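Bear in mind that the values in this text are calculations on the coordinates, not laboratory data. Not measured: the values here are computed from a predicted model. Methodologically, a virtual Cβ is constructed for each residue, glycine included, from the backbone with ideal geometry; neighbour enumeration extends over all protein chains shown.
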Amino acid sequence: MEEREYEFGLDSFMAVTAGSDGETIGGDQVVRDTVEEGVLADEVGIDSFNIGEHYRHDMMDSAAHVVLAAIAARTERIRLGTAVTVLSTQDPVRLYNNFATLDAISGGRAQLILGRGSAIESFPLFGYDLRDYEDIFEEKLGLFAELLRGGPITWSGKYRPPLDNVVLTPPLPAGHLRTWVGSGGSPDSVIRAARYGLPLMLAVIGGRPERFRPLVDLYRRALAQFGHRTDLPVGLHTLGYVAASDEEAVETQWPYWLETFERASRERGWRPPTRAQFDAEVAHGAMFVGSPETVARRIAPVMRALDVDRIDLHYALGAVPAAQRRESIELLGREVFPRVRDLLKADPAENEVIAGSAALGDVASPVRSTHAPAPTR
Amino acid sequence: MTPASTAARTDQDEHRIGWAAADAPTDVSAAKRLGVVGAGKLGMTLARAAVAAGYEVAVASSGPAERIALPVEVLAPGAVASTVKEVVDSADMIVLAVPAHRFRELPSDLFDGKILVDAMNYWPDTDGEDRELAASDGGSSVVVQAHFPGARLVKSLNQLGYHELDDYPRADGATDRIAVAAVGDDRLAVRTVMHLIDRLGFDPVDGGPLANGKLLEPDGSPYAETLSADTLAKRLSAV
């Protein structure tokens with residue numbers, strides 16, 4: 001049997017981190033630290049390094065392509081992408097220009113995840129109306145899918161000027177700039193990814209990841225219905241943090257998890273987070289936190305249950321200091337991901353036992369949904 | 001008006017509610033056909049749960065039925081992909097689970113005479129600023145009722161995240177069963193929805209009149225917590 005190709009990636013939102021004196025460090029330092037983290041990820045064998053998109057005081061990921069280009073210049077192997085690009089408030093042509101250039105700099109290592117975004121601060125910032133949330137994304141994804149096909153393009157729509165036989169530069173070699181569609185679990189966005197024949201990236205930031213399996217089935221059925229090949233890859237984005245021991249990992253991540261979700265609870269009206277919720281997320285939810293062996297044994301059965309080809313781990317949540325972030329990257333690259341590969345190759349029965357313990361306990365996740373905050377969306 | 005919050009079972013609660021409609025028919029378990037308008041995360045989860053609870057379920061979104069045929073078949077097997085009109089014509093009770101910025105696109109007389117469960121939440125972050133919803137002292141459902149004046153409106157099933165509706169259903173009497181509240185001015189409609197809540201696997205709590213709905217919204221006290229019926233009833237009456 002042919003061995004399945006997996007991608008083990010890391011995600012960063014370039015959070016403003018805590019310094020050794022307890023004060024936060026400067027945003028410019030966060031940018032330089034992130035470049036170093038990308039270089040480190042390459043050194044320790046991580047397959048891809050992916051940067052988010054936010055415009056807020058506690059996250060510095062407002063220009064992913066520039067950071068990725070700096071990493072590209074210092075690495076040879078690692079793929080460089082986004083997690084996610086808020087396509088709705090970007091110009092698809094500009095996005096193509098930026099990432100085709102990154103692809104050239106990196107020798108074909110650029111990739112993208114396009115999403116609607118759950119953080120909507122880019123709408124007022126760039127002059128878009130939130131009421132067009134659905135339509136804008138649909139139109140821009142359609143245009144970007146055409147741009148990826150290459151060649152002169154003639155196009156017209158509502159949200160950018162028409163293109164008349166335009167050739168975009170730099171040219172992308174065929175098959176370059178692999179582009180995924182991100183989904184927070186809405187059936188519509190899964191179907192949309194299938195309609196364009198693009199790989200699907202599922203984001204799970206609370207609750208049991210296994211419950212997304214029906215969406216993977218929906219994606220494959222929809223691919224067949226739209227006449228695309230049904231073996232396109234599916235990926236999972238989730239949260240994690242790795243340290244030498246379970247206790248060290250849990251106690252290091254806990255105060256920053258609390259800070260992050262207290263802020264989210266204030267901003268979005270979620271329930272205030274508790275330690276019990278954190279523990280439940282760590283035990284069987286979307287927080288893969290612990291020693292290398294613990295985290296590997298959480299990841300493998302989830303990947304198997306969801307039948308995914310890629311996992312991107314947000315490798316430290318919130319303001320975890322730079323030194324601890326680097327340790328998490330090293331352990332993920334050198335120990336966790338190789339171990340997950342071994343577990344996935346091993347007899348499935350070994351993993352079934354672990355998966356059996358994955359029922360959610362009494363304590364609910366503080367997370368209202370996945371990437372979209374409204375349960376009705 | 002003070003809320004007559006109670007964790008009582010649906011068949012015992014009438015005497016505790018001051019404004020119960022005395023002359024209304026009392027067969028709250030007669031509803032067999034549940035309609036769901038909205039085929040997103042919440043709508044699909046509710047459809048799946050209702051099929052499991054033994055209801056005949058029809059799901060509709062804003063488009064033609066064919067557009068949601070596949071998601072319904074995969075995510076809520078046993079439910080029927082329908083148009084909004086088919087849902088309204090066939091269902092005894094309808095759950096409204098569309099984004100809060102879109103309910104006004106539905107005709108005002110659409111749900112006349114029907115029990116309508118408003119499961120929506122207004123999230124300025126994703127719905128955009130909506131002055132009318134934001135300014136409503138009694139919560140968003142009062143505005144929804146004004147848009148659908150002929151509907152027998154009950155606010156419920158908005159309190160939990162959709163994945164909690166998947167994870168928490170428990171058999172009647174289970175010690176870890178959690179509560180879901182319902183508020184509304186049509187008391188028989190409230191009791192009918194409480195019966196639905198019970199069959200879905202949750203302890204129903206009567207939260208009083210529709211204007212109490214504010215308490216069930218984001219930033220309201222019991223919002224989005226997984227509470228026992230007793231605790232939820234206490235939280236609602238303490239406010």
With a cut-off of 8 Å between alpha carbons and a minimum separation of six or more residues, what is the relative contact order of chain A in percent?
18
Charges at C-beta only: +1 for Lys and Arg, -1 for Asp and Glu. How large is the resulting dipole of segment B:134-183 about its Cα centre, in Debye rounded to 20?
240
Mind putting together the pair-distance distribution for segment A:252-311? All Cα pairs, 5 Å bins, whole percent per bin, short to long.
4, 17, 22, 21, 14, 14, 8, 0
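Just rank B:D92, A:D164, fewest to most, by other beta-carbon atoms within 10 angstrom. Write out the running numbers ahead of the final one.
Values: B:D92 16, A:D164 10.
Ordered by Cβ neighbours within 10 Å, fewest first: A:D164, B:D92.
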Whole-Hz ³J(HN,Hα) for each residue in segment A:197-205, computed from phi via Karplus 6.51 cos²θ - 1.76 cosθ + 1.60 with θ = phi - 60°, x for glycine and proline: what do you get?
x, 9, x, 10, 10, 9, 9, 10, 10
Is the shape of chain B best called rounded, prolate or oblate, per the rule: a/c under 1.5 gives rounded, else a/b larger than b/c gives prolate, else oblate, with a ≥ b ≥ c the square roots of the Cα gyration tensor eigenvalues?
rounded
For A:I191, A:I311, order by how many other beta-carbon atoms lie within 10 Å, fewest first
A:I191, A:I311
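In percent, what relative contact order does segment A:17-89 have, based on Cα pairs under 8 Å that are 6 or more apart in sequence? Write out the running numbers ahead of the final one.
Working: 79 pairs, mean separation 23.9, N = 73.
Relative contact order here is 33 percent.
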Given charges at Cβ of Lys, Arg, Asp, Glu: segment A:84-235 dipole, positive-most of A:G117, A:F137, A:P214
A:P214
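Inside 10 Å of the C-beta atoms of B:66-77, what's the mean count of C-beta atoms belonging to other chains?
Values: counts 0, 2, 3, 1, 8, 10, 1, 2, 11, 6, 2, 1.
Partner-chain Cβ atoms within 10 Å, mean over residues of B:66-77: 4.
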Could you work out, residue by residue across A:211-220, how many beta carbons of other chains sit within 10 Å of that residue's beta carbon, and then give the average as an integer?
3
Roughly what % antiparallel, to the nearest 5, for the DSSP beta bridges in segment B:83-208?
20
Ignoring everything except DSSP H segments at least 4 long, calculate the 222 nm mean residue ellipticity for chain A; use -39,500 (n - 2.57) per segment, divide by total residues, nearest 500.
-13000 deg cm²/dmol
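Within 10 Å, count the other beta carbons around each residue, average over each peptide in A:262-272, A:9-19, B:169-179, and list them highest first. Spell out each step's value before the answer.
On the way: A:262-272: 16.4, A:9-19: 22.2, B:169-179: 13.5.
Going by the mean number of other Cβ atoms within 10 Å, highest first, we get A:9-19, A:262-272, B:169-179.
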Spin-label model distance (nm) - B:A30 vs B:E73, 7 Å beyond Cα toward Cβ:
3.6
Give the residue list of trypsin sites (Lys or Arg not before Pro) in segment A:181-258 that are DSSP loop and have at most 15 other beta-carbon atoms within 10 angstrom.
A:R229
For a protection proxy built on the mean count of beta-carbon atoms within 10 angstrom, sort A:21-31, A:323-333 highest first, please.
A:323-333, A:21-31
Quick one: 3J(HN,Hα) in Hz for segment A:215-231, Karplus 6.51/-1.76/1.60 with θ = phi - 60°, rounded, Gly and Pro as x.
6, 5, 4, 4, 4, 5, 5, 5, 4, 4, 4, 7, x, 9, 5, 9, 9
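Any idea what the relative contact order of chain B is, in percent, if you count C-alpha pairs under 8 Å spaced at least 6 apart? Please report the intermediate quantities before stating the final value.
Values: 511 pairs, mean separation 53.4, N = 239.
Once divided by the residue count of chain B, the mean separation gives 22 percent.
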How high is the FRET efficiency from B:D89 to A:R32, r the C-beta distance, R0 56 Å, rounded to 0.05?
0.35
Residue by residue through segment B:191-202, what is 3J(HN,Hα) from phi via Karplus (6.51 cos²θ - 1.76 cosθ + 1.60, θ = phi - 60°)? Round to whole Hz and write x for glycine and proline.
5, 5, 5, 4, 5, 4, 4, 4, 5, 6, x, 10
Averaged over peptide B:92-100, how many Cβ atoms belonging to another chain are found within 10 Å of each residue's Cβ?
2
Going through A:K345/B:K41; B:K32/B:K214; B:K85/B:K114; B:K32/B:K234; B:K41/B:K234; B:K32/B:K155 one by one, the pairs whose alpha carbons sit over 22 Å apart turn out to be A:K345/B:K41; B:K32/B:K214; B:K32/B:K234; B:K41/B:K234
